[in-house]
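Chemist: One structure, pasted below without further comment.
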Amino acid sequence: MSEIVLEGTGLTRQYGGFRALDDVSIMVRRGEIRGLIGPNGAGKSTLIDVLSGRGAFSRGTVKLEGRDISGLNARQRRLAGLARSFQRTNIFGDLTVGEQVHLAARAAEAENAGEVMEALALAPLADRRAADVSYGDQRRLDLALALVGRPRVLLLDEPAAGLTMQESLTLAALLRDLAQRWQVTVLIVEHDMDVIFAICSSLTVLHLGRILVEGPPEQVRVMPEVVTAYLGSSVA
Ligand SMILES: Nc1ncnc2c1ncn2[C@@H]1O[C@H](COP(=O)(O)OP(=O)(O)OP(=O)(O)O)[C@@H](O)[C@H]1O
Ligand SMILES: [Mg+2]
């Protein structure tokens with residue numbers, strides 16, 4: 001069994017009287033690409049927030065490579081090797097593609113902006129304003145901002161949202177190759193099952209703020225409780 005690189009225990013976040021995340025525990029092993037799926041409002045983004053140290057106080061502990069990072073803020077967690085992307089892209093339209101990757105590299109105290117731009121085919125776009133490149137390019141830029149510094153764990157919240165099926169699969173293949181080459185462990189939120197099946201080694205299904213099931217994608221897909229959870233939601 002390979003080493004557990006990311007471990008969340010008893011993670012709970014409450015908004016008023018509503019528990020968006022209810023006592024969730026999750027372990028991700030080194031080298032995994034773990035899919036995090038579930039209907040709209042299941043708590044997927046909330047779990048990514050809690051793991052990455054974003055937002056209001058929450059209960060539970062988060063360990064990165066065995067070290068308790070619960071007391072660290074998002075920036076400190078990033079410097080410790082845990083990076084994330086957001087469900088809506090986090091880019092600034094007025095800056096050039098190159099400027100943004102360099103800024104992210106500086107924030108992550110990393111020197112591999114050029115390497116990341118090459119790997120994500122952004123180098124030819126370095127001098128273009130981010131607002132002027134295609135949506136697909138913006139999505140790769142967003143991934144680049146999370147990948148500078150080669151984090152050991154990467155949390156991705158719907159990195160392929162809004163892309164066509166072909167673009168999504170291309171991005172997914174790129175991600176899988178980079179994760180392997182740079183030894184990045186990935187936890188990825190994704191609605192598209194084709195993308196999930198193309199890259200994920202295991203799945204965690206969230207429903208109503210709790211973990212419904214975990215397991216290999218081909219097993220999880222046919223579990224009755226998973227099918228029921230999805231049929232009861234707006235997700236097709
Ligand atoms: N800041 C907030 N204040 C109040 N409620 C919130 C807040 N953020 C999220 N919620 C609620 O918490 C629940 C979980 O939201 P979350 O965004 O984590 O779901 P999700 O699984 O990422 O959904 P989606 O697939 O639509 O992105 C939802 O019911 C949402 O309305
Ligand atoms: Mg979400």
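Values in this text are rule-based calculations from the coordinates and carry no lab data. These numbers were taken from a predicted model, which means no experiment stands behind them. Cβ atoms come from the backbone with ideal geometry, glycine included; neighbour counts cover every protein chain shown.
Chemist: Sorted by mean Cβ packing within 10 Å, highest first, what order do the peptides 138-150, 73-85 take?
Modeler: So the peptides 138-150, 73-85, ranked by packing, come out 138-150, 73-85.
Chemist: Another question, then. Rank Thr185, Thr96, Thr204 by mean-square fluctuation in a GNM of the chain with C-alpha springs under 10 angstrom and give only the top-ranked residue.
Modeler: Result: Thr96 has the largest fluctuation of those listed.
Chemist: Counting pairs of alpha carbon atoms under 8 Å apart in space and at least six apart in sequence, what relative contact order in percent does region 1-104 give?
Modeler: In percent, rounded to a whole number, it is 26.
Chemist: Calculate one ³J(HN,Hα) per residue across region 51-61 by plugging θ = phi - 60° into the Karplus curve 6.51 cos²θ - 1.76 cosθ + 1.60, and present them in order as whole Hz with x for glycine and proline.
Modeler: The phi angles translate into 5, 8, x, 9, x, 5, 4, 9, 9, x, 10 Hz.
Chemist: Run the helix sum for the chain: -39,500 (n - 2.57) per DSSP H stretch of 4+ residues, divided by residue count, reported at 222 nm to the nearest 500 deg cm²/dmol.
Modeler: That comes out to -10000 deg cm²/dmol.
Chemist: Can you list which of the GluC sites (Glu not before Pro) found in region 1-80 are DSSP loop residues with at most 14 other C-beta atoms within 10 Å?
Modeler: Loop-located and lightly packed - Glu3.
Chemist: Ok, one more. So what is the relative contact order for the chain, in percent, with contacts set as C-alpha pairs under 8 Å and at least six apart?
Modeler: Relative contact order here is 27 percent.
Chemist: Ranking request for peptides 191-199, 156-164, 87-95: highest mean number of other beta-carbon atoms within 10 Å first, then the rest in descending order.
Modeler: Final packing ranking: 156-164, 191-199, 87-95.
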